[in-house]
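These notes concern the structure reproduced below.
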Amino acid sequence: MGRAAGLARDGVTTAGRATTTRVMRAAVSAFFAGYHRFTSVAALLALPFSAAVLASEAMAPSSWALRAVAARLRSVFAAAGFPPSPFFALLEAKLSQTVFTFAATLPFALTFLLLAKACVAAMLRLRDDDASESPPPRRRRVAVAALPPCAAVARAYPAVVATHLLNAFLMLSANAAVFSLLLLAFGAADLLGLTSHVWTLALSAAGAIVYSLVVGVATVVCNLAIVVAATEPGCAGHAAVLRACVAIRGRVSTALALALPTNLGMAAAEALFGLRVVAQRRRDGRLAPGVAGEAFSIAYIHAICVVLEIIVTCMFYRSCKRSEADELRELEPEEKGDLQA
């Protein structure tokens, strides 16, 4: 029985890896099939958002707003009874950086980023045959349309904005839930007398793992909800989030694996910007012309990663819909047999 369970787990893992590879290959193929169109979207829509993100992270260390947010978080952690540890110091720094970047780039996210997502989602479409006239094809090829008309993007934009605002509330709720669990865990450890350095380190490591998983899953669901709102008519806000949760059911590991490459690319671009641009400006007191051109190139690379993330999310949602359709098609004969009986 244990061997059968192991074989089942291996089968699920192999299927997940195959799905991840297939979706990633489809996303890369779609990107190169419409390379000029996607790079135009990156240059016109995603680039201002990427530049705002990089500029906000460059201004963060010297910003009084960031110091105020960090001090407030520090006081909240102290009032909650969290013990001083490197984990909470790192968490405080990352949370304050995230809050500052979110607030500083919110106008660019509500305009340029969401327009880029709506535009890319409208450009990607399936070339499906009519199911009523012919059986479904074994392989569906992705066709990349030309730049969509402004009316199509304008129709999808209100739903995308409503979903994005709800996503911000969901991310806040996910962070609050993790903090509540950490507070309960450290409170229980304090009551049981487990206050040594080893126990504090172990609980901090477990909290870091749980926090990373919860925030990662919440981020994937929020990104998928944006794609649902952009592609499904009449689906916005909580309806898009619920549909994204249903689509991602049983595919969480695949979604996290697909989100990893593009997020690593954006993180690498941000680190490169800090290393090449911010460090030079702090050292010389001004931005050299050559470094300014390098800053533009790094921001464009970041924008390309943003567009690739949207494409991968669209392909993943399409894969989820295709899997659901195949499952319903497999259940159809059994249901008909039950009705005849």
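The values are calculated or read from the model by the stated rules, or taken from the named source; none is laboratory data. Bear in mind that the values here come from a model prediction, so they are computed numbers and not experimental data. Cβ sites come from the backbone with ideal geometry, for glycine too, and all protein chains shown count toward neighbours.
Values for this structure:
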item	result
Segment 201-215: number of residues that are out of contact with any Ser or Thr (no Cβ under 9 Å at 6 or more places or on another chain) and either touching a residue at least 60 places away in the same chain (Cβ under 8 Å) or under 14 Å from MET315 (Cα atoms) (or both)	4
Counted residues, segment 25-82 - those being in contact (Cβ under 8 Å) with a residue 60 or more places away in the chain and charged (D, E, K, R)	2
Neighbours by Cβ (under 7 Å, 6+ apart or cross-chain): first from segment 98-112, part of a helix (DSSP H, G or I); second surrounded by fewer than 16 Cβ atoms within 10 Å (Cβ to Cβ)	PHE100/SER63; PHE100/ALA65
Qualifying positions in segment 176-190 - surrounded by 18 or more Cβ atoms within 10 Å (Cβ to Cβ) and within 27 Å of ARG243 (Cα to Cα)	VAL178, PHE179
Filtered residues of segment 238-251 (kept if without any contact (Cβ under 8 Å) to a residue 12 or more places away in the chain and either basic (Lys, Arg) or not in a helix (DSSP H, G or I) (or both))	ARG249, GLY250
Residue match in segment 136-145 (condition: within 30 Å of LEU45 (Cβ to Cβ) and either surrounded by 15 or more Cβ atoms within 10 Å (Cβ to Cβ) or at pLDDT 90 or above (or both))	yes
Out of LEU191, LEU201, LEU170, LEU182, sole residue that is under 30 Å from LYS321 (Cα atoms) and not polar (S, T, N, Q)	LEU170
Test: residue in segment 61-78 that is at pLDDT 75 or above, under 26 Å from the mean Cα position of the chain (by Cα) and exposed (fewer than 13 other Cβ atoms within 10 Å of the Cβ)	no
Pair list, Cβ under 8 Å, 6 or more apart: segment 216-237 residue outside any helix (DSSP H, G or I), other residue surrounded by 22 or more Cβ atoms within 10 Å (Cβ to Cβ) and of a type in the set (Ser, Thr, Tyr)	ALA236/THR163; GLY237/THR163
Filter pass, VAL210 being part of a helix (DSSP H, G or I), out of contact with any Gly (no Cβ under 9 Å at 6 or more places or on another chain) and under 23 Å from VAL160 (Cα atoms)	no
Any hit, segment 325-337, residues being within 30 Å of LEU44 (Cβ to Cβ), modelled with pLDDT of 60 or more and surrounded by 10 or more Cβ atoms within 10 Å (Cβ to Cβ)	no
